[in-house]
Amino acid sequence: MKNVVVLGGYGNFGKRIVENLARLQDITILIAGRNLSKSSALVANLENTSVAKLEPLVIDIFADDFKDQLATLSPYLVIHTSGPFQGQDYRVPKACIECGTHYIDLADDRRFVCDISELDNEARDKGVLIVSGASSVPGLSSAVIERYQNQFSTIDSINLAIAPGNKAERGLATVEAILSYTGHPLNVFKDGRWQDVYGWMDSKVNDFGGFVGKRHLANVDVPDLELFPSRYGVTEQVSFQAGLELPILHKTMVGMAYLSKVGLIKNWAPLSKAIVSTSNIFLPFGSDKGAMEVLIKGQGNDGNANEVKWTLYAPKGNGPYIPTLSTIILARKLLSSDSQSGQQETGAKPCAGMFELSEFDTYFDALGIHYEEQFFSKEINEKE
């Protein structure tokens, strides 16, 4: 049996990954973290429906003997969900390499994801695959762009946006990650050059259509901002924005960003728990509906000025499953592969361009999630 260690396995994203992988045969899932009671509770909750063997595991990734503890488990795969990744070093993926273990994480921190290729040679030497950012971005977002990029001779801009419903479950690590750069400069490719914008500023309203409609958005820092300009030869701009459904909460965040920008507050992240608790007061309001949009503009192969808009709609509070799907798909591939065949991909890389968009369809269908495509050409001036 293959051992799979899910670090943070009882957390907001980790529990959803465990729930899915528990349907697989011939694996043992170690639900790992520092809280035995939470880990054991998830085991108890899933044991009657799980096909996989489930075990609780107490482990601290920051412990001096973490690598030794990991080695005694002989894991085939480690899935790292214990954010925030801002400020983390590569102790976990490095430990996996030394143990000869495959590794996947859901990191959203730009430096953590973009610099993971520093470990490429070590990973290849050990014959393991190390993948960072197997989440909505850049895992899913790059799959969307890969699907449509052949329709363009030149891509001028890629604009991405995510709008969760107010009733969606809030993960403390995700909130802490966002607050760490709120009001801080973010280097982005804009107007054909690299320049700074500020986190959670440049607020605007975007109409996602469908059952989501108009939502407020502001600047968010993600790996896509650094990876996509060169990967897709973008000439003008790559942007990423997200927002809160309730205007009062969104505008409060914009105000907090301004206070940080002018130097009155150095970093909001230490107040994450208090901010999450306060925001939970507003949980009865708003909806459980979310959306994700990818808008690609450029010159089509026919010489026209073309646009492709891809919009994902998540009802019934299922939005928080979306960040886990890239990891689930990749983990299932690794677990079903024959490591003795020599066909297994190795190395260390960001999770960009690793999937076909169609690989997500089965999971979208099961969750009641769907997407719509719109194509527009200025010359013919009609939807195709």
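Students often check this: by mean Cβ neighbours within 10 Å, which of 97-104, 59-66 ranks highest, and how do the rest follow?
Most protected by this proxy first, the peptides run 97-104, 59-66.
What ranking do 4-11, 151-158 get when scored by the average of other Cβ atoms within 10 Å per residue, highest first?
Answer by packing, highest mean first, reads 4-11, 151-158.
Too long at a 32 Å Cα-Cα cut-off: which of Lys38/Lys316; Lys251/Lys309; Lys94/Lys261?
Lys94/Lys261
From the C-alpha coordinates alone, can you work out the Kirkwood hydrodynamic radius of segment 1-125, in Å?
14.7
Among bridges DSSP assigns within the chain, what percent are antiparallel (round to 5)?
55
Need one number: convex hull volume per residue for the chain, Cα atoms only, in Å³. Let's see the in-between values first.
Values: hull volume 56.2 nm³, N = 384.
Dividing the Cα hull volume of the chain by its residues yields 146 Å³.
Could you pull out the pairs from Lys333/Lys378; Lys273/Lys333; Lys67/Lys333 whose alpha carbons sit more than 30 Å apart here?
Checking Cα-Cα distances, Lys333/Lys378; Lys273/Lys333 exceed 30 Å.
Work out the charge dipole of the chain with +1 on the Cβ of Lys and Arg and -1 on the Cβ of Asp and Glu about the Cα centre, then indicate which of Val144, Val205, Gly133 is farthest towards its positive end.
The residue sitting farthest along the positive end of the dipole is Val205.
Quick check: pseudo-label points 7 Å beyond the Cα along Cα→Cβ at Trp194 and Gln344, how many nm apart are they?
Label-label distance for Trp194 and Gln344, simple model: 3.6 nm.
For q values of 0.11, 0.13, 0.14, 0.22 Å⁻¹, compute log₁₀ I(q)/I(0) with the Debye formula on a Cα-only model of segment 207-291, without solvent.
Once normalised to I(0) and log-transformed, intensities are -0.43, -0.60, -0.68, -1.18.
Please report, in debye to the nearest 20, how large the charge dipole of the chain is about its Cα centre when each Lys and Arg carries +1 at its beta carbon and each Asp and Glu carries -1 there.
1020
Where a Cα-Cα gap under 20 Å defines reach, which aspartates and glutamates qualify for Lys289, not counting those fewer than 8 residues away within the same chain?
The qualifying aspartates and glutamates are Glu169, Asp207, Glu245, Asp361, Asp365, Glu372, Glu373.
Computed from the coordinates by the stated procedures, all read-outs in this text should not be read as laboratory data. Predicted model only: the values in this text are computed from it and were never measured. All Cβ positions, even for glycine, are placed from backbone atoms using ideal geometry, and neighbour counts span all protein chains on display.
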